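What follows is a single structure, written as structure tokens, with notes after it.
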Amino acid sequence: MTVKLYRCITPTDRLCACGKVHRGLVEVGIDVDVERVPLSSKPGKRPEIVKLTGQPRVPVIVEADGTATHDSKTIVVGIKAGQVQG
Ligand SMILES: N[C@@H](CCC(=O)N[C@@H](CS)C(=O)NCC(=O)O)C(=O)O
């Protein structure tokens with residue numbers, strides 16, 4: 001199972017919303033394909049994220065079926081409920 005995770009450039013999984021999601025995916029055994037996005041969340045700096053979710057913030061996950069989800073709380077709830085598919 002592989003999930004694509006768009007996340008910030010923070011180099012640890014301990015500090016931010018992106019790290020929280022990364023840890024959550026790893027903890028349930030989902031393989032993560034990580035892509036780091038530019039620091040600025042100005043929409044022009046993250047066009048791929050805006051195209052996927054209609055907003056510029058990360059974390060964003062994309063599941064095997066193409067479903068894209070943003071907001072760390074929403075994503076973590078889905079992981080814990082077993083609803084995130086690689
Ligand atoms: N409420 C959002 C916050 C996401 C968030 O603040 N993400 C940071 C990276 S960890 C970001 O995109 N920061 C850039 C900015 O807001 O300018 C969530 O929990 O997903």
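Values in this text are rule-based calculations from the coordinates and carry no lab data. Everything numeric in this text was worked out from a predicted model, so none of it was measured. Here the Cβ positions follow ideal geometry from the backbone for every residue, glycine too, while neighbour counts run over all protein chains shown.
Descriptive notes on the structure:
- Which listed residue, of Val3, Val26, is in contact (Cβ under 8 Å) with a residue 24 or more places away in the chain and away from the ligand (no atom under 11 Å from the Cβ): Val3
- Qualifying residue in region 33-45 (condition: closer than 16 Å to Gln85 by Cβ and surrounded by fewer than 18 Cβ atoms within 10 Å (Cβ to Cβ)): yes
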